[in-house]
Amino acid sequence: MMKIHGGNIYQNKEMLDFSANINPLGMPDAVRRAILDAAGNCVHYPDPHCTALTQCISGFEQIPPAQIVCGNGAADMIYRISHAFRPKHALICAPTFSEYAFALREAGCSVAEYALDPAANFQLDEGFLSAISDETDIVFLCTPNNPTGQLISPELLKKIADQCLEKHALLISDECFLRFTESPAQYSLRSYWNENCVILNAFTKLYAMPGLRLGYAVCGNELLAEKIRCTGQYWSVSVPAQAAGIAALRETEWIRKTVSYLKAERMFLEELLPAGGVTVYPGSANFMLLKTEPEFGAKMRERRILVRSCSDFHGLSSAHFRIAVRTHDENRMLLAAVREVYG
């Protein structure tokens, strides 16, 4: 099956890209300088243990270094977890990020999907608890969920964590978009931490460095971390990526500025997009799920704008599209194109 993701600018040159959910403020200057400064050290192999980076993440996350594993993006961690634990029965949501199912099935795991209700704006509900059976080995969650942008309520997240512990199922919470929201600590699995939990995070989106590939897993105990660490390639994180990650973790003001900017721009798009005949689902991430006519993507492409078709997401259709929240000028250009088509 052909994989489809946003951000394929190589086959869509000179397009305004709303298909990839990257920070519209771009990469912090300090991160860019760190990458350039690290170029001279590329004559050496990277530190396979990511020692300095792991220490920085440890301070940032307030978790011992032995419970942290770095990798070549969050997607790398998804595959390494799937192969490290070789689960037999997994539970995921539908729709959600497609790489969970790809990685699990590659590792020989059967995947059950819990259908999210569009009438409830794809909000995860307590019915999910009944889907976690005695056979379930692993559960993947995404909050805010991709592509719906929905956060999981803290009360439900706690119940899921408790039930997974009781059922001896590994719970993976993908929180790569959580720091784009106003209250990340409130919605993080960290509040309901137990030894069967793993949180995924990445530098990709928030610090606008998808081309470098850098992510990490924070594990509920050292044994989980060690098992993941022993899976995958030895030199999984490049020299520039490690340097960029260390620099990025110092950019706390960048996060505050990003969250404030995105909140205003999201409200701007939510207010004006429906006037163009587009249904906007409520969400909390740096992207938005839309429903309109299936030809929407082609009509935007004619106007040199690239949006993400969601036709390949289970639970969505060819009438669903995901758009990133971009800069104000870019968002105005998108709205102008929508008005031209539907106005």
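Only the coordinates and a few stated rules stand behind these numbers; no lab work does. Being a predicted model, the structure only gives us computed values, none of them experimental. Ideal geometry is used to build each Cβ from the backbone, glycine not excepted, and the neighbour counts take in all protein chains shown.
Remarks
- The residue among Pro210, Ala39, Gln67 whose Cα reaches farthest toward the positive pole of the charge dipole of segment 29-248, with charges on the beta-carbon of Lys, Arg, Asp and Glu, is Ala39.
- The stretch between His89 and Ala120, if pulled fully straight at 0.36 nm per residue, gains 8.5 nm over its current Cα-Cα span.
- Exposed trypsin sites (Lys or Arg not before Pro) absent - longest run of the chain, DSSP non-H/G/I/E/B, at most 10 other C-beta within 10 Å: 14-343
- Efficiency of FRET from Cβ geometry, Ser260 and Arg304, R₀ 35 Å, rounded to 0.05: 0.75
- Extension gain (nm, one decimal) between Ser318 and Ser153, 0.36 nm per residue minus Cα-Cα: 56.6 nm
- Of Ala90, Ala244, Ala120, the one that fluctuates the most in a GNM where the chain has Cα springs shorter than 10 Å: Ala120
- Pairs with C-alpha atoms separated by more than 25 Å, drawn from the list Lys227/Lys257; Lys205/Lys263; Lys159/Lys291; Lys263/Lys291; Lys257/Lys291, are Lys227/Lys257; Lys159/Lys291; Lys257/Lys291.
- Most mobile of Ala107, Ala161, Ala217 in a GNM of the chain (Cα contacts under 10 Å): Ala107
- GluC sites (Glu not before Pro), loop per DSSP, at most 14 other Cβ atoms within 10 Å - longest free stretch of the chain: 15-125
- Those chymotrypsin sites (Phe, Trp or Tyr not before Pro) in segment 229-322 that DSSP places in a loop and that have at most 10 other beta carbons within 10 Å: Tyr234
- In a DSSP loop and with at most 16 other Cβ atoms within 10 Å, the chymotrypsin sites (Phe, Trp or Tyr not before Pro) in segment 135-197 are Trp193.
- Assigned charges on the beta-carbon of Lys, Arg, Asp, Glu; segment 123-168 dipole about Cα centre (debye): 180
- Of Gln55, Gln186, Gln123, the one that fluctuates the most in a GNM where the chain has Cα springs shorter than 10 Å: Gln186
- Taking each DSSP H run with n ≥ 4 as -39500 (n - 2.57) and averaging over every residue of the chain yields -11000 deg cm²/dmol at 222 nm.
- Cα shape, segment 29-248, gyration tensor, a/c 1.5 rule: prolate
- A simple charge model with +1 on the Cβ of Lys and Arg, -1 on the Cβ of Asp and Glu and nothing else charged puts the dipole of segment 29-248 at about 560 debye relative to its Cα centre.
- Between segment 208-235 and segment 92-112, the C-alpha centres lie 19 angstrom from each other.
- Note on segment 1-153: with charges restricted to the Cβ of Lys and Arg (+1) and Asp and Glu (-1), its dipole about the Cα centre is near 420 debye.
- Euclidean distance of C-alpha centroids, segment 122-138 and segment 264-316, integer Å: 29
- Beta bridges from DSSP with both residues in the chain: antiparallel share about 50 percent, rounded to the nearest 5.
- Stokes-Einstein diffusion of segment 267-343 at 10 °C, 1.306 mPa s viscosity, Kirkwood radius from Cα pairs, rounded to a whole number: 128 µm²/s.
- For the chain, Cys42, Cys56, Cys93, Cys109, Cys142, Cys164, Cys176, Cys197, Cys219, Cys230, Cys310 have no disulfide-compatible partner, since no other Cys C-beta lies under 4.7 Å from theirs.
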